[in-house]
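To keep things clear, I will list the structure first and then write my remarks on it.
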């Protein structure tokens, strides 16, 4: 199931789109203007955005251009929806960063086909692209994780769940994720398990990162959840050095 953000100020069109998205097995979130769309994206990165060209205040084209300029949203799949059918308008929408362009009125079947096509094109990049942050490198294609300490790269051993958890953290850095959000995005919301299970796997992930002085990269935000933070790199080193010194004097 993909999370699709529908940015459309005509409520009748937005509701019709949402019905077809849900029927196709997607989760639909509806907003009517650019500020609300930005707030939703800040809260949780969707799998795809259906973005209307004409919005109150900031236009969809401006919003798409803004997202393409930000590292976190640079690869966000966007399909532009508009009543503008001229070739020049289509080119402008694509130049702003839209992955596809659909003129109103459109058939629901065509919209669903466009969504499937964009998600298929984006999925291999999302799943297979290596991620590097705070000296830590995670490669989904080879299932390897390592961290460079000075001139040496330390290979790390992670279980399948810890690997998926770390991949999610590294692709959504510096943002706080609640246990419920992590269950939804890492385990899948079709899996009915206790939220406290997340704590167990976070603990295992920190233990797996410890040999490369990386346990502090996973930060606990009291009362809110967890986040991956590069600012924890220095804390990790201090913690590991203290732990090593403690063992030496024991």
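Test of understanding: among 51, 102, which residue is in contact with a helix residue (DSSP H, G or I) (Cβ under 9 Å, 6 or more places away or on another chain), under 20 Å from residue 11 (Cα atoms), at pLDDT 90 or above and in the same structural domain as residue 35 (by TED's automatic domain parsing)?
Exactly one of 51, 102 is in contact with a helix residue (DSSP H, G or I) (Cβ under 9 Å, 6 or more places away or on another chain), under 20 Å from residue 11 (Cα atoms), at pLDDT 90 or above and in the same structural domain as residue 35 (by TED's automatic domain parsing), namely 51.
(1) without any contact (Cβ under 8 Å) to a residue 40 or more places away in the chain; (2) exposed (fewer than 15 other Cβ atoms within 10 Å of the Cβ); (3) outside any helix (DSSP H, G or I): which one isn't true of residue 138, the others all being true?
That leaves (2) as the condition not met.
Output yes when any residue across the range 110-126 is part of a strand (DSSP E or B), touching a strand residue (DSSP E or B) at 6+ places or on another chain (Cβ under 9 Å) and modelled with pLDDT of 85 or more, and no when none is.
No, the range 110-126 contains no residue that is part of a strand (DSSP E or B), touching a strand residue (DSSP E or B) at 6+ places or on another chain (Cβ under 9 Å) and modelled with pLDDT of 85 or more.
Can you name every residue in the range 8-42 that is in a helix (DSSP H, G or I), more than 16 Å from residue 108 (Cβ to Cβ) and touching a strand residue (DSSP E or B) at 6+ places or on another chain (Cβ under 6 Å)?
Selection gives 37, 40.
Please indicate, with yes or no, whether at least one residue in the range 31-48 is under 13 Å from residue 98 (Cα atoms) and crowded, with 18+ Cβ neighbours inside 10 Å.
Yes, there is a match, as at least one residue in the range 31-48 is under 13 Å from residue 98 (Cα atoms) and crowded, with 18+ Cβ neighbours inside 10 Å.
Select the helices (runs of 4 or more DSSP H) contained entirely in the range 145-211, then report the ones holding at least 2 residues which are more than 25 Å from residue 135 (Cβ to Cβ).
Where helices (runs of 4 or more DSSP H) fall fully within the range 145-211 and carry at least 2 residues being more than 25 Å from residue 135 (Cβ to Cβ), they are 179-182, 196-209.
Kindly list the number of the only condition in (1) assigned by TED's automatic domain parsing to the domain that holds residue 168; (2) on the phi < 0 side of the Ramachandran plot that fails for residue 135.
Among (1) assigned by TED's automatic domain parsing to the domain that holds residue 168; (2) on the phi < 0 side of the Ramachandran plot, residue 135 violates only (2).
Kindly provide the set of residues from the range 138-152 that are farther than 19 Å from residue 230 by Cβ and either in contact with a helix residue (DSSP H, G or I) (Cβ under 7 Å, 6 or more places away or on another chain) or not assigned by TED's automatic domain parsing to the domain that holds residue 171 (or both), ordered by number.
The answer is 140, 141, 143.
The values are calculated or read from the model by the stated rules, or taken from the named source; none is laboratory data. Just so we're clear, the structure is a prediction, and the values are computed from it rather than from any experiment. Here the Cβ is made from the backbone with ideal geometry for all residues, glycine too, and neighbour counts use every protein chain on show.
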